[in-house]
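Some notes on the structure that comes next.
No lab work stands behind these numbers, since they all come straight from the coordinates. Remember, it's a predicted structure, so these values are computed and weren't measured experimentally. Please note: Cβ atoms are built from the backbone with ideal geometry, for glycine as well, and neighbour counts cover all protein chains shown.
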Amino acid sequence: MKNELNFSQISKQYSSEEEAYKFLEATRWENGVLCPHCQNTGADFIEPENGERKTRTGKVTYRRVWRCQNCKKQFSVLVGTIFEDSRIPLSKWLLAIHELNADKNGISSCELGRKLGITQKSAWFMAQRIRFAMAHTSLEEKLTGTVEVDETYIGGLEENKHASKKTAGTQGRSTKTKTPVLSSVQRGGKVYSTTMKTVSSKNIREILNEQVSHEAVLNTDTFPAYNSVGKEFAGHETVDHGAGEYVRGKAHTNTAEGYFSQLKRSLSGTFHHVSEKHLDRYLAEFDYRYNTRKEKDGDRTKNAIKRVAGKRLTYRKTKENNGESLI
């Protein structure tokens, strides 16, 4: 197999369930088979009887089963991952992960369902599980250097939404029908995006303390909520958009605004509507692709697969959508 993983290779080599399992094992267990129960690295493969393994109902399954040498429990590579308990073939999961990683604009559940030959509802839930796995965690490194911090508002059209421009530095900020999103972008580095109920100094401080090193220099606009927060970092540069100032020396928020531009075009063009309840997971998808933008699609896909463990998203957690479209 070539080092570079592309759609052609996945569709050809991993359409077989047995090969899909072997690929997932090789990707997740690079340093040896790892027991999900006791974290021991020694395990024995259980050969199926008569060359095939069957479920309790008598159906043939290609799931590869291992027995831990330490705790003696049996397991497969699916245990503790987003694939566990799914009735959708593993090969289709691998194709879905590649699709979400290969297209910078994302892929709708309708299109994903057509490509995989499954229902839109199943494709939507698959995509939500994958996005959940892509999400950054508090254990990831904090942003350093020059960090641009800006917020945008995502949601339906709002009449006269720019009326608040007359107020000091608000630039049309409104939560009437929109969801505030705060993004912190390290120049040349990663982006972390988070939804907020309200945009306030307190909420911004909590997010930045978790995501940004206090040795970083913040670049923001003149929105008053940033003033007190900025004093807690190594430096704080501002540009006054209200006065038509967008760049002053090295001070600007153009990187963050460029990210927002791509995000909004993709959400509008690909998904059309994303409910506030599920927006964080869509942000996780776009953040992940941005943060791995220098990687090839195959490498990005493999790294996404390595993140599937320890993140379980049940259908119950996602199905209650307040009457909004499951997109």
Worksheet, complete the sentence: Footprinting proxy, GLU18, GLU47, GLU257: sorted fewest to most Cβ within 10 Å, the residues are GLU47, GLU18, GLU257
Discussion item. Quick check: pseudo-label points 7 Å beyond the Cα along Cα→Cβ at GLU49 and SER268, how many nm apart are they?
Written reply: 6.2
Worksheet, complete the sentence: Taking r as the C-beta separation of SER261 and ARG293 and R0 as 22 Å, the FRET efficiency to the nearest 0.05 is 0.90
Item to complete: Report, by chain and number, residues whose modeled amide H sits under 5 Å from the one on THR146, excluding near sequence neighbours (fewer than 5 apart, same chain).
Response: ARG187, VAL217
Fill in: Whole-Hz couplings from phi, Karplus 6.51/-1.76/1.60, listed for the stretch 269-286; x for Gly and Pro
x, 9, 9, 6, 8, 10, 6, 4, 4, 9, 4, 4, 6, 5, 4, 4, 5, 6
Worksheet item: In debye, nearest 20: dipole of the stretch 205-266 around its Cα centre with unit charges on the Cβ of K, R (+) and D, E (-)?
Response: 180
Item to complete: Name the long-range amide H neighbours of GLU245: under 5 Å, sequence gap of 5 or more, or other chain; modelled H, no Pro or chain starts.
Response: ASP240
Item to complete: Mind checking the full-extension length gain between GLU232 and LYS59? Use 0.36 nm per residue of separation minus the Cα-Cα distance, one decimal, nm.
Response: 56.2 nm
Worksheet item: Applying the Karplus parametrisation 6.51 cos²θ - 1.76 cosθ + 1.60 with θ = phi - 60° to the phi angles of the stretch 97-105, what ³J(HN,Hα) value in whole Hz is obtained for each residue in order, glycine and proline being reported as x?
Response: 4, 5, 4, 5, 9, 8, 10, 5, 8
Discussion item. Can you compute the label reach from LEU139? Point 7 Å from Cα along the Cβ direction, backbone N cut-off under 18 Å, restricted to the stretch 81-102.
Written reply: 81-83
Worksheet item: What ranking of LYS72, LYS277 emerges when the number of other C-beta atoms within 10 Å of each C-beta is taken as an exposure proxy, fewest first?
Response: LYS72, LYS277
Item to complete: Kindly put MET134, MET196 in sequence by how many other C-beta atoms sit within 10 Å of each C-beta, fewest to most.
Response: MET196, MET134
